[in-house]
Amino acid sequence: MMLSQTWLIFRQQLRLSLREPVWYIIGLIQPLIYLSLFAPLLRPLAGGPGFPPGSALQVFVPGLVVQMGMFGTLFVGFALMADMRAGVIERLRVTPASRLALLLGRVGKDVLMLTLQSALLLAVATAMGLRASPLAWVLLLALVALLGVSLASLSYAAALTLKSEDALAQMLNTVSVPAMLLSGILLPMTLAPKWLQGLAKANPFSYVVDAARAAMGNMVIASTLWMGIGVALGLAVVGLWAGKRTFERESA
């Protein structure tokens, strides 16, 4: 029963998204600008002290994909608020539909669109000279999908709790900017001073970025990769748990 309800919500959300695909294309513009204008700045650093193994693109593109996963799913709560204003959530509250299915259907759509965007970004990077095996693609897309599950669930939970676009925007900006800077998305944290590297160890997203770079470097047996996958899996479980509890509480 719950699977059929999840599928129903997923299809409805996907249909709404496909009516306006331009927003997903716009979401790719910023990563492509970074890829075109920022990645070339890293080429002189490749192979130097503190720079991770691999070419500039092998180091930069995984971070760029994780960045798109963070910002592509952290802000999906605004769409839920629009549904709250339109009375959609109020109508769903009186149905016997599983609250977990309401969450999973939306998150499933978000993760699907994020995965497609990430694959397109990897394809463009490949055309620009990125060299990566099919297994690296699979591992990187799996990592970003787990990250999407976590952040989309938490974003919906925050939207249901705050019920204010202004408060949600302030909260997300406050959380996302330091999380991004301390994860080494743009520049590897190995280039940072020791005190900054210490702070980065408290940031779970830094482990995901390191794992993404290990995957792109075909370091399949590296502990960095599996630690990052474990962290991403843990974040997904926590996000789904928080999202489910919030949907149940707000729909009671």
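Numbers for the structure displayed
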item: Any chance ALA179 is touching a helix residue (DSSP H, G or I) at 6+ places or on another chain (Cβ under 7 Å), assigned to a loop (DSSP other than H, G, I, E, B), of a type outside the set (D, E, K, R) and surrounded by fewer than 20 Cβ atoms within 10 Å (Cβ to Cβ); result: no
item: Filter pass, PRO96 being within 21 Å of ALA214 (Cβ to Cβ), open to solvent by 50 Å² or more (accessible area, probe 1.4 Å) and not in a helix (DSSP H, G or I); result: no
item: Check on GLY148, modelled with pLDDT of 90 or more, open to solvent by less than 10 Å² (accessible area, probe 1.4 Å), among the small types (Gly, Ala, Ser) and touching an Asp or Glu at 6+ places or on another chain (Cβ under 7 Å); result: yes
item: Condition broken by GLY239, with the remaining ones in (1) farther than 23 Å from PHE60 by Cβ; (2) more than 17 Å from the chain's Cα centre (by Cα) satisfied; result: (2)
item: Residue check for THR224: closer than 15 Å to PRO62 by Cα, in contact with a helix residue (DSSP H, G or I) (Cβ under 7 Å, 6 or more places away or on another chain) and surrounded by fewer than 21 Cβ atoms within 10 Å (Cβ to Cβ); result: yes
item: Single match in ASP110, ASP166 (criterion: over 22 Å from THR6 (Cβ atoms), acidic (Asp, Glu) and in a helix (DSSP H, G or I)); result: ASP166
item: Lone unmet requirement of (1) in contact with a Ser or Thr (Cβ under 8 Å, 6 or more places away or on another chain); (2) buried (at least 20 other Cβ atoms within 10 Å of the Cβ); (3) assigned to a loop (DSSP other than H, G, I, E, B) for ALA211; result: (3)
item: Among the residues listed as GLY27, GLY54, GLY48, the single one being surrounded by 13 or more Cβ atoms within 10 Å (Cβ to Cβ), out of contact with any Phe, Trp or Tyr (no Cβ under 7 Å at 6 or more places or on another chain) and either at pLDDT 90 or above or over 22 Å from GLN117 (Cβ atoms) (or both); result: GLY54
item: Residue match in segment 214-223 (condition: at positive phi and part of a loop (DSSP other than H, G, I, E, B)); result: yes
item: Near pairs, Cβ below 8 angstrom, 6+ apart or cross-chain, from segment 67-80 (more than 18 Å from LYS163 (Cβ to Cβ)) to any residue that is basic (Lys, Arg) and modelled with pLDDT under 90; result: none
item: Any hit, segment 189-199, residues being of a type in the set (D, E, K, R), under 22 Å from LEU140 (Cβ atoms) and part of a helix (DSSP H, G or I); result: no
item: Any hit, segment 61-79, residues being of a type in the set (A, V, I, L, M), assigned to a helix (DSSP H, G or I), open to solvent by less than 20 Å² (accessible area, probe 1.4 Å) and farther than 22 Å from ILE25 by Cβ; result: no
item: Those residues of segment 103-140 which are in contact (Cβ under 8 Å) with a residue 24 or more places away in the chain, surrounded by fewer than 20 Cβ atoms within 10 Å (Cβ to Cβ), under 18 Å from ILE229 (Cα atoms) and under 16 Å from the mean Cα position of the chain (by Cα), in sequence order; result: THR115
item: Among residues of segment 34-45, those that are over 18 Å from the mean Cα position of the chain (by Cα), open to solvent by less than 10 Å² (accessible area, probe 1.4 Å) and closer than 22 Å to LEU116 by Cβ, counted; result: 1
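Conditions tested, residue by residue: (1) among the charged types (D, E, K, R); (2) in contact with a helix residue (DSSP H, G or I) (Cβ under 7 Å, 6 or more places away or on another chain); (3) within 14 Å of MET70 (Cα to Cα).
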site: ARG99; (1), (2), (3): yes, yes, no
site: VAL107; (1), (2), (3): no, yes, yes
site: ALA125; (1), (2), (3): no, yes, no
site: ALA132; (1), (2), (3): no, yes, no
site: LEU143; (1), (2), (3): no, yes, yes
site: SER155; (1), (2), (3): no, yes, yes
site: ALA167; (1), (2), (3): no, no, no
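The values are calculated or read from the model by the stated rules, or taken from the named source; none is laboratory data. Quick caveat, the model's predicted, so the values are computed rather than measured. Note: ideal-geometry Cβ built from the backbone for every residue, glycine included; neighbour counts use all protein chains shown. Keep in mind that these areas ignore ligands, DNA and RNA; they rest on the heavy atoms of the full protein, side chains included. Shrake-Rupley method; radii C 1.70, N 1.55, O 1.52, S 1.80 Å.
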